[in-house]
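All remarks here apply to the structure that follows.
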Amino acid sequence: MNKKIWLTWIICIIGWTFSSYAMAEEKQKISPVLIFVSFSMPDTSIKQWMRVAEKIHAPVVIRGLINHSFKDTIKKVADLTHDNQGGVQLDPILFKRFQINQVPAVVVWKETNCLSNQSCLDEYDVVYGDVTLLFALQKIVDQKDNLSPLAAKAYAILHEGDHA
């Protein structure tokens, strides 16, 4: 196995281990903004989403593996992140949870506080299309629903960073 791929794999495992530990120990709050992409998108587009997501600490989520291969997927992620601009999270469950069938998609959501024996539905808004994150967040703010304040907060952070 190529040393770069092996090192990336080890870093992924270590990062996953530490983040899992941190979430279990500190019950870390999950970001209210999620960005869904696919490796079928152009690399420049994926990199742009990763850069902008990093500014608001929003995860960039992919559905699955390239060619059903961890090796191919790790190589692709290493290629995309060689300039240390963000990363991606592999999570097909989130695609299903928010019914994401096309990408890119921006989701703003509010975590429900349900007991384990209750059936709960997440409250969320989705904006689809190759638009900017600022545009997607503004669309959700303009809806003036329960999620608008969450989108407005992310928008303000992102907008402030663009003018800093």
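Tabulated data for the structure shown
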item	result
Out-of-range pairs (alpha-carbon distance over 24 Å; input 47/144; 55/110; 110/144; 71/110)	47/144; 71/110
Spacing of the two label points (7 Å from each Cα toward its C-beta) at residue 30 and residue 130, in nm	3.0 nm
Residue 43 paired with residue 99, simple spin-label distance in nm, labels 7 Å along Cα-to-beta-carbon	3.6 nm
Under-5 Å amide H pairs with residue 90, H placed in peptide plane, nonlocal only	62
Cα-projected label distance for residue 160 with residue 138, points at 7 Å along beta-carbon direction, nm	1.9 nm
Reachable aspartates and glutamates, given that their alpha-carbon falls under 17 Å from the alpha-carbon of residue 96 and they are not under 8 places away in the same chain	111, 122, 123, 125
Additional length obtainable on full extension of the chain from residue 145 to residue 54, 0.36 nm per residue less Cα span	30.2 nm
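Every number in this text was worked out from the coordinates using simple rules, so none of it is lab data. Just so we're clear, the structure is a prediction, and the values are computed from it rather than from any experiment. A quick note on method: Cβ atoms are made from the backbone with ideal geometry, for glycine too, and the neighbour counts reach across all protein chains shown.
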